[in-house]
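The values are calculated or read from the model by the stated rules, or taken from the named source; none is laboratory data. The structure displayed is predicted, hence computed values, not measured ones. Virtual Cβ from ideal backbone geometry, glycine too; neighbours counted across all protein chains shown.
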């Protein structure tokens, strides 16, 4: 499925070379002998060459979007404004909130967070923190980003806002400020809930904000593995292993949401953001 988006990207890159090719095809005028020198002709204005966008590919997903990072131009989309369950892509929003709190000086990377029983009991993807232990914010952040740890995410949410419910309020506040009009959050991890949703377009918005505002932290999204408490866990984003141009961002999966992925890659001087929601399998969301 992602292969179709990559093919579209390559087609766009090829089209971007058209102005250069057309300029080289213009013949040089042949001078004609004349006793009276003619005034130099005015240079004709260069006509802008329309850049056609290839037809959107067929993608087996509930919604997707491919976007140029720098210009914001959408190159392909389907159901990009449909509200869908994002699963653990929610954690991109959660990490953005935490980075904002770090930037404001309200928390620090070396703050030690006491793990609550609620955080410890979280199901699904886990970092395997132990109740009562004190873990640095930085370790919990990496555990949330690389291992998609729901336990780490809840611990961070409680550290920032007191409760996960209050933290969701922070998420909704920042989403509104960013113009994410199709998103609403009920928790920090992305567990199924009828009032918890995002759109592919909004996910691209938060991805751009994350990369632009917090490059010093964004590097964690390219980590392929993280070891905590003697347990090595690998990043589920298969594209990090398959394509050197990919430097993030996040996968997500629940039975209700399907397989989801937001990724960023740099090719030929361009950075692209792609979002896929509701794919049928792990292979289909990351096939290259």
Kindly indicate whether residue 170 is part of a helix (DSSP H, G or I), in contact with a helix residue (DSSP H, G or I) (Cβ under 7 Å, 6 or more places away or on another chain), touching a residue at least 60 places away in the same chain (Cβ under 8 Å) and surrounded by fewer than 21 Cβ atoms within 10 Å (Cβ to Cβ). no
Considering segment 173-185 alone, what residues qualify as being part of a helix (DSSP H, G or I) and farther than 10 Å from residue 97 by Cβ? 176, 177, 178
How many residues, within segment 128-147, are surrounded by 15 or more Cβ atoms within 10 Å (Cβ to Cβ), over 25 Å from the mean Cα position of the chain (by Cα) and on the phi < 0 side of the Ramachandran plot? 2
Applying the selection to segment 133-160, what residues are touching a strand residue (DSSP E or B) at 6+ places or on another chain (Cβ under 9 Å) and in a helix (DSSP H, G or I)? 137, 139, 140, 142, 143, 145, 146, 152, 155, 156, 158, 159
Exclusive hit being under 13 Å from residue 200 (Cβ atoms), outside any loop (DSSP other than H, G, I, E, B) and modelled with pLDDT of 95 or more, set 101, 77: 77
Among the residues of segment 247-262, write down those that are in a strand (DSSP E or B) and on the phi < 0 side of the Ramachandran plot. 247, 249, 250, 251, 252, 253, 254, 259, 260, 261, 262
Of the residues 175, 209, 152, 161, which is closer than 24 Å to residue 108 by Cα and free of Cβ contacts under 8 Å to residues at least 12 places away in the same chain? 161
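One line per residue, one yes/no per condition, for (1) assigned to a helix (DSSP H, G or I); (2) touching a residue at least 40 places away in the same chain (Cβ under 8 Å); (3) surrounded by fewer than 23 Cβ atoms within 10 Å (Cβ to Cβ); (4) more than 17 Å from the chain's Cα centre (by Cα):
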site	(1), (2), (3), (4)
72	no, yes, yes, no
93	yes, yes, no, no
96	yes, yes, yes, no
106	no, yes, yes, yes
109	no, no, yes, yes
113	no, yes, yes, yes
